[in-house]
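Worksheet for the structure shown next.
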Amino acid sequence: MPETGALDITGAILVGGKSRRMGRDKALLEFRGRPLFERVLDLFRESFPQVVLVGNQGERFEGYGVHVLPDLAPGSSLGGIYTALASVQTEWVFVASCDLPFPSRAVLHHLCSLSEGCDAVVPRTEHGYEPLFALYSRRCLQPIDELLQSGDCCAYAWYPKVRVREVGPEEIAALDPAGIAFINLNTPEDIEKTGETQ
(Lines give C-alpha, C1' and ligand atoms only; values in the text may rest on other atoms or scores of the structure.)
Protein backbone atom coordinates (compact mmCIF):
# COMPACT_ATOMS: atom_id res chain seq x y z
CA MET A 1 0.00 0.00 0.00
CA PRO A 2 1.47 3.41 -0.96
CA GLU A 3 2.72 5.27 2.09
CA THR A 4 3.59 8.74 0.84
CA GLY A 5 0.33 10.36 1.83
CA ALA A 6 -1.91 12.31 -0.51
CA LEU A 7 0.89 13.72 -2.65
CA ASP A 8 0.43 13.01 -6.36
CA ILE A 9 3.67 11.16 -7.15
CA THR A 10 4.87 8.68 -9.74
CA GLY A 11 8.02 6.69 -8.98
CA ALA A 12 10.40 6.61 -11.97
CA ILE A 13 13.42 4.32 -12.11
CA LEU A 14 16.10 5.24 -14.64
CA VAL A 15 17.23 2.08 -16.43
CA GLY A 16 18.70 3.59 -19.59
CA GLY A 17 22.35 4.02 -18.65
CA LYS A 18 24.99 2.50 -20.90
CA SER A 19 26.78 0.79 -17.96
CA ARG A 20 30.14 1.34 -19.68
CA ARG A 21 32.22 0.99 -16.52
CA MET A 22 30.31 -2.09 -15.39
CA GLY A 23 30.57 -3.77 -18.78
CA ARG A 24 27.04 -5.19 -18.56
CA ASP A 25 23.46 -4.06 -17.91
CA LYS A 26 23.44 -2.66 -14.37
CA ALA A 27 19.68 -2.79 -13.95
CA LEU A 28 19.61 -6.57 -14.35
CA LEU A 29 22.92 -7.20 -12.66
CA GLU A 30 22.55 -9.86 -10.00
CA PHE A 31 23.25 -8.53 -6.52
CA ARG A 32 22.69 -10.78 -3.54
CA GLY A 33 20.66 -13.20 -5.62
CA ARG A 34 18.37 -10.85 -7.55
CA PRO A 35 18.47 -8.15 -10.24
CA LEU A 36 19.77 -4.90 -8.78
CA PHE A 37 16.91 -2.68 -9.96
CA GLU A 38 14.37 -4.80 -8.08
CA ARG A 39 15.56 -3.22 -4.82
CA VAL A 40 14.35 0.21 -5.94
CA LEU A 41 11.28 -1.32 -7.60
CA ASP A 42 10.17 -2.95 -4.34
CA LEU A 43 10.54 0.31 -2.42
CA PHE A 44 8.69 2.30 -5.08
CA ARG A 45 5.84 -0.19 -5.32
CA GLU A 46 5.19 0.07 -1.61
CA SER A 47 5.49 3.87 -1.66
CA PHE A 48 3.77 5.13 -4.83
CA PRO A 49 0.50 4.28 -6.62
CA GLN A 50 2.25 4.34 -10.00
CA VAL A 51 5.76 3.20 -10.95
CA VAL A 52 7.45 3.47 -14.35
CA LEU A 53 10.84 2.64 -15.80
CA VAL A 54 12.65 5.10 -18.07
CA GLY A 55 14.91 3.73 -20.78
CA ASN A 56 15.00 2.02 -24.13
CA GLN A 57 14.95 -1.72 -24.83
CA GLY A 58 11.86 -2.13 -22.68
CA GLU A 59 11.70 -5.82 -23.54
CA ARG A 60 14.40 -6.34 -20.90
CA PHE A 61 11.71 -5.89 -18.27
CA GLU A 62 8.94 -8.05 -19.65
CA GLY A 63 7.26 -9.95 -16.86
CA TYR A 64 7.57 -7.19 -14.27
CA GLY A 65 4.24 -5.56 -15.12
CA VAL A 66 5.83 -2.09 -15.14
CA HIS A 67 5.36 0.43 -17.96
CA VAL A 68 8.63 1.39 -19.66
CA LEU A 69 8.89 4.96 -21.01
CA PRO A 70 11.17 5.26 -24.06
CA ASP A 71 13.86 7.86 -23.39
CA LEU A 72 12.92 11.15 -25.06
CA ALA A 73 16.45 12.53 -24.70
CA PRO A 74 18.81 9.53 -24.64
CA GLY A 75 22.35 9.72 -23.41
CA SER A 76 22.14 11.24 -19.93
CA SER A 77 20.42 10.91 -16.59
CA LEU A 78 19.09 14.45 -17.08
CA GLY A 79 17.29 13.17 -20.18
CA GLY A 80 15.80 10.42 -18.03
CA ILE A 81 14.49 12.95 -15.51
CA TYR A 82 13.04 14.99 -18.39
CA THR A 83 11.37 11.92 -19.91
CA ALA A 84 9.74 10.97 -16.62
CA LEU A 85 8.38 14.48 -15.99
CA ALA A 86 7.18 14.90 -19.58
CA SER A 87 5.47 11.51 -19.81
CA VAL A 88 3.53 10.90 -16.60
CA GLN A 89 0.25 12.41 -15.50
CA THR A 90 1.12 13.20 -11.89
CA GLU A 91 2.37 16.57 -10.70
CA TRP A 92 5.37 15.03 -8.96
CA VAL A 93 7.92 12.39 -9.92
CA PHE A 94 10.32 10.70 -7.55
CA VAL A 95 13.35 9.72 -9.63
CA ALA A 96 15.89 7.06 -8.72
CA SER A 97 18.72 5.40 -10.59
CA CYS A 98 18.55 1.63 -10.95
CA ASP A 99 21.93 0.95 -9.35
CA LEU A 100 21.21 1.68 -5.68
CA PRO A 101 21.65 -1.51 -3.65
CA PHE A 102 20.34 0.05 -0.42
CA PRO A 103 17.63 2.62 -1.29
CA SER A 104 16.29 4.12 1.91
CA ARG A 105 12.60 4.11 2.75
CA ALA A 106 13.22 6.66 5.51
CA VAL A 107 15.01 9.08 3.19
CA LEU A 108 12.40 8.66 0.46
CA HIS A 109 9.47 9.40 2.76
CA HIS A 110 11.24 12.35 4.35
CA LEU A 111 11.90 13.92 0.95
CA CYS A 112 8.27 13.42 -0.06
CA SER A 113 7.11 15.17 3.11
CA LEU A 114 8.96 18.38 2.20
CA SER A 115 7.34 19.28 -1.11
CA GLU A 116 5.25 22.23 0.04
CA GLY A 117 6.42 25.54 -1.38
CA CYS A 118 9.14 24.16 -3.64
CA ASP A 119 9.67 22.63 -7.07
CA ALA A 120 12.24 19.98 -6.15
CA VAL A 121 13.44 18.22 -3.01
CA VAL A 122 17.02 17.04 -3.35
CA PRO A 123 19.44 15.35 -0.93
CA ARG A 124 22.87 16.89 -0.55
CA THR A 125 25.52 14.78 1.13
CA GLU A 126 29.13 15.71 1.90
CA HIS A 127 29.88 14.57 -1.67
CA GLY A 128 27.36 16.97 -3.23
CA TYR A 129 23.86 16.72 -4.68
CA GLU A 130 22.16 13.36 -5.16
CA PRO A 131 19.91 14.23 -8.13
CA LEU A 132 19.06 10.59 -8.85
CA PHE A 133 17.18 9.95 -5.62
CA ALA A 134 15.07 13.09 -5.52
CA LEU A 135 11.57 14.51 -5.89
CA TYR A 136 10.73 16.79 -8.85
CA SER A 137 7.58 18.64 -9.90
CA ARG A 138 6.48 19.25 -13.47
CA ARG A 139 7.51 22.89 -12.97
CA CYS A 140 11.06 21.65 -13.50
CA LEU A 141 10.37 20.64 -17.10
CA GLN A 142 11.13 23.96 -18.78
CA PRO A 143 14.54 24.61 -17.18
CA ILE A 144 15.56 21.00 -17.82
CA ASP A 145 14.48 21.30 -21.46
CA GLU A 146 16.42 24.55 -21.85
CA LEU A 147 19.55 22.93 -20.41
CA LEU A 148 19.25 19.91 -22.68
CA GLN A 149 18.75 22.18 -25.69
CA SER A 150 21.96 24.00 -24.79
CA GLY A 151 23.87 20.73 -24.88
CA ASP A 152 24.54 20.67 -21.14
CA CYS A 153 23.52 17.37 -19.53
CA CYS A 154 24.54 18.09 -15.94
CA ALA A 155 21.79 16.59 -13.79
CA TYR A 156 21.67 19.58 -11.44
CA ALA A 157 22.94 22.64 -13.35
CA TRP A 158 19.33 23.83 -13.70
CA TYR A 159 18.64 23.91 -9.93
CA PRO A 160 19.20 27.69 -9.62
CA LYS A 161 16.18 28.25 -11.90
CA VAL A 162 13.68 26.53 -9.58
CA ARG A 163 12.83 26.44 -5.90
CA VAL A 164 14.92 23.61 -4.48
CA ARG A 165 14.58 22.31 -0.95
CA GLU A 166 18.00 20.89 -0.12
CA VAL A 167 18.10 18.11 2.44
CA GLY A 168 21.59 18.46 3.84
CA PRO A 169 24.12 16.04 5.32
CA GLU A 170 22.90 16.30 8.92
CA GLU A 171 19.29 15.63 7.96
CA ILE A 172 20.38 12.70 5.81
CA ALA A 173 22.63 11.25 8.51
CA ALA A 174 19.73 11.11 10.95
CA LEU A 175 17.75 9.02 8.44
CA ASP A 176 20.65 6.97 7.10
CA PRO A 177 23.05 6.49 10.02
CA ALA A 178 24.97 3.73 8.23
CA GLY A 179 25.64 6.06 5.30
CA ILE A 180 24.62 3.53 2.65
CA ALA A 181 21.50 5.05 1.05
CA PHE A 182 23.40 6.68 -1.81
CA ILE A 183 25.93 3.97 -2.59
CA ASN A 184 25.71 3.14 -6.27
CA LEU A 185 27.33 0.36 -8.23
CA ASN A 186 29.29 1.46 -11.29
CA THR A 187 32.09 -1.10 -11.59
CA PRO A 188 32.70 -4.76 -10.77
CA GLU A 189 34.96 -3.51 -7.96
CA ASP A 190 32.01 -1.62 -6.46
CA ILE A 191 30.03 -4.86 -6.32
CA GLU A 192 32.83 -6.65 -4.58
CA LYS A 193 33.30 -3.81 -2.10
CA THR A 194 29.58 -3.44 -1.41
CA GLY A 195 28.68 -7.10 -1.16
CA GLU A 196 29.36 -7.23 2.56
CA THR A 197 27.83 -3.84 3.40
CA GLN A 198 24.67 -4.15 5.44
For this session: For Glu116 paired with Gln142, estimate the spin-label separation in nm (one decimal), with each label point 7 Å from Cα along the Cα-to-Cβ line.
Result: 2.6 nm
For this session: Given the options Leu147, Leu69, Leu132, state which has the largest fluctuation in a GNM of the chain using a 10 Å cut-off (strictly under) for Cα springs.
Result: Leu147
For this session: Largest first and to the nearest Å, give the Cα extent of the chain along each principal axis.
Result: 41, 37, 34
Exercise. Between exposed GluC sites (Glu not before Pro) in the chain, where DSSP calls loop and at most 16 other Cβ atoms lie within 10 Å, what's the longest gap?
Worked result: 127-195
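So, with a 1.4 angstrom probe, what is the percent of accessible area on the chain that is carbon and sulfur?
Values: 4500 of 9450 Å².
The nonpolar share, carbon plus sulfur, comes to 48 percent.
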Seminar exercise, completed: Which residues qualify? For His67, with a placed amide H closer than 5 Å and at least 5 residues away or on another chain, they are Leu53
Problem set entry | Equivalent ellipsoid semi-axes, segment 60-171, via Cα gyration tensor eigenvalues times 5, rooted, Å | 21, 19, 14
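The values are calculated or read from the model by the stated rules, or taken from the named source; none is laboratory data. What you see is a predicted model, and the numbers here were worked out from it, not measured in a lab. Glycine gets a Cβ as well: all are built from the backbone with ideal geometry, and neighbour counts include every protein chain shown. Note: areas computed on protein heavy atoms with side chains; ligands, DNA, RNA excluded. Shrake-Rupley method; radii C 1.70, N 1.55, O 1.52, S 1.80 Å.
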